[in-house]
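Quick notes on the structure that follows.
The values are calculated or read from the model by the stated rules, or taken from the named source; none is laboratory data. Because the structure is predicted, anything quoted here is derived from the model rather than measured. Reconstructed Cβ throughout: ideal geometry from the backbone, glycine too, with neighbour counts over all protein chains shown. Just the protein is used for accessible areas: all its heavy atoms, side chains included, with ligands, DNA and RNA removed. Shrake-Rupley method; radii C 1.70, N 1.55, O 1.52, S 1.80 Å.
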Amino acid sequence: MLRPRQRLGPLKAFVLAGGAGTRLSPLTSYVPKGMIPIGGRPFIDYVVSYLSKHGVKNIMMLLSDADSEVFRNHLDDGSKFGVNIGYSISPRMGTAAALKEASAHVDGTFVVYYGDVFTDLDLSEMIRYHKSKGAMCTLALSTGVKIDYGVGRVDRDGRIEYFAEKPILPEYPVSIGVYVCEPRFLTYLSAGTDLAADILPQVITKGEKVYGFLTKERHYDIGSFKQLDEAKDVLKPEKSRKKQSAVG
């Protein structure tokens with residue numbers, strides 16, 4: 001007998017969008033990274049629409065004081081997207097510091113979403129997985145991302161016994177930049193300034209229940225011009241994709 005799927009209560013998402021985007025300079029001297037237009041829409045629109053599609057209607061934008069006005073002028077209160085958008089604004093001190101600054105807005109299980117990332121990950125299923133494990137934190141990990149370099153393995157004599165150029169290594173899944181966390185996660189935010197580099201290793205070392213939600217879906221971020229071009233190709237309007245296919 002099939003059990004009905006567990007219904008998800010309202011969750012709040014904290015979108016990290018305060019980075020300087022230095023690898024996209026000089027473009028980011030004129031427009032914040034998350035506001036770069038792709039397919040006729042600012043990139044942040046895709047993030048908000050994705051969260052809304054998975055029932056996450058309460059969104060807190062974590063922004064730097066340098067760029068916040070541009071985001072606020074565009075997103076406003078979120079009503080045009082059918083969501084509620086709030087803002088936490090602070091100096092650029094790292095992702096952990098930004099979340100810590102917004103911690104008063106955490107009122108239950110919450111999503112952390114890196115605002116320069118787009119993915120088709122099934123976030124609803126990830127949240128259900130997180131709940132079923134009783135996890136303190138769950139990371140989305142992709143088994144479908146190619147490594148950017150050739151990798152090899154050598155034996156004790158130095159002879160190469162394995163080599164592959166830009167392989168997919170499913171045994172080493174790649175972080176997508178999406179977490180589901182419990183409020184207890186906030187107690188670790190003083191361990192450093194960066195969530196991925198400082199906080200997560202500390203949480204795992206302390207023996208907390210941290211799980212990985214595996215997906216074959218990859219992610220597209222806009223952290224560099226190469227990655228920005230990839231995201232533009234994926235997010236280009238449907239008409240443009242069809243026209244390009246017909247020409248090819």
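Tabulated results
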| read-out | value |
| --- | --- |
| Residues in segment 109-125 that a label on LYS216 would reach, taking backbone N under 19 Å of a point 7 Å out along Cα→Cβ | 119-125 |
| Listed residues ARG92, ARG156, ARG72, most fluctuating in the chain (Gaussian network, C-alpha, under 10 Å) | ARG156 |
| Overall form of segment 1-129 per C-alpha gyration tensor (a/c, 1.5; a/b vs b/c) | prolate |
| Calculated P(r) tail over 21 Å for segment 57-147, as whole % of Cα pairs | 43 percent |
| Using a Förster distance of 25 Å, the FRET efficiency for ALA191-GLU171 (Cβ separation, nearest 0.05) | 0.35 |
| Length gained when the stretch TYR149-ARG184 is fully extended (0.36 nm per residue, less Cα-Cα span) | 8.9 nm |
| Solvent exposure of the chain as accessible area per residue, Å², 1.4 Å probe | 55 Å² |
| Integer Hz, Karplus 6.51/-1.76/1.60 couplings in order for segment 90-100, x for Gly and Pro | 8, x, 6, 10, x, 5, 5, 5, 5, 5, 4 |
| Cα-centred dipole magnitude for segment 112-197, charges only on beta-carbon of K, R (+1) and D, E (-1), debye, nearest 20 | 260 debye |
| Of all accessible heavy-atom area on the chain, the percent that carbon and sulfur account for (1.4 Å) | 51 percent |
| Cα-centred dipole magnitude for the chain, charges only on beta-carbon of K, R (+1) and D, E (-1), debye, nearest 20 | 780 debye |
| Listed candidates (i) 19.3, 64; (ii) 21.4, 81; (iii) 18.4, 53 - label of the one calculated as Rg and Dmax of the Cα atoms in Å | (i) |
| Relative contact order (percent, whole number), the chain, Cα cutoff 8 Å, 6+ residue spacing | 22 percent |
